[in-house]
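Some notes on the structure that comes next.
Only the coordinates and a few stated rules stand behind these numbers; no lab work does. It should be emphasised that the depicted structure is a prediction, and the values quoted were computed from it without experimental measurement. As a convention, Cβ positions derive from the backbone with ideal geometry for all residues, glycine included, and neighbour counts pool all protein chains shown.
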Ligand SMILES: [Zn+2]
């Protein structure tokens, strides 16, 4: 008897939002550098900035840390993570460097900073103040302040549904 043929594997899914076949929708979008550093030309950036995937210093006076700004999904138990840079003062920067490889983050009180990236899905987000929660498990998480009426703050508090997730991820499909 002939061996039954298994159907070819097809990765991804047929999208309930647009009917197209997609690979998994992104659940995070990362900013490679703080906008102020990204905006520099190739040589200027080399002269003035130093950075790795978690920390960035510009002109030895401006300090940035890489964080995740979570926006919870309302349709599943997960969140959309914006990989953002947050500008912090020297003390917070030094503290984050100091505890980076240790198990001390959970004991550190929340820190404060301002978003250093404009997210294209929203009107101006750079400069919005955030609370920073450090963790031993993952990158620092940031939260817009409770009083903020910015669309990103509202979505972070209320969550986003599948349709909104699709709209955010579609440009990256
Ligand atoms: Zn779709």
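Quick notes on this structure:
- Inter-site label distance for residue 123 and residue 148 at 7 Å from Cα along Cβ, in nm: 1.5 nm
- Protection proxy ranking for 113-125, 12-24, 77-89, using the average of other Cβ atoms within 10 Å per residue and placing the highest first: 77-89, 113-125, 12-24.
- With both residues required to sit in the chain, DSSP beta bridges show an antiparallel share near 85%.
- What the Cβ-Cβ distance of residue 77 and residue 57 gives, at R0 = 35 Å and to the nearest 0.05, is a FRET efficiency of 0.40.
- Taken over the Cα atoms of the range 1-101, the convex hull encloses 233 Å³ per residue.
- Viscosity 0.890 mPa s, 25 °C: Kirkwood-radius Stokes-Einstein D of the chain over Cα pairs, µm²/s: 136 µm²/s
- Global geometry of the range 80-173, whether rounded, prolate or oblate, following the gyration tensor of its Cα atoms and the 1.5 cut on a/c: prolate
- For the chain, the relative contact order works out to 21 percent when only alpha carbon pairs closer than 8 Å and six or more residues apart are counted.
- Inter-label distance, residue 18 to residue 173: 0.3 nm, where each label sits 7 Å from its Cα along the C-beta direction.
- Ordering 99, 65 by the number of other Cβ atoms within 10 Å of each residue's own Cβ, fewest first, gives 99, 65.
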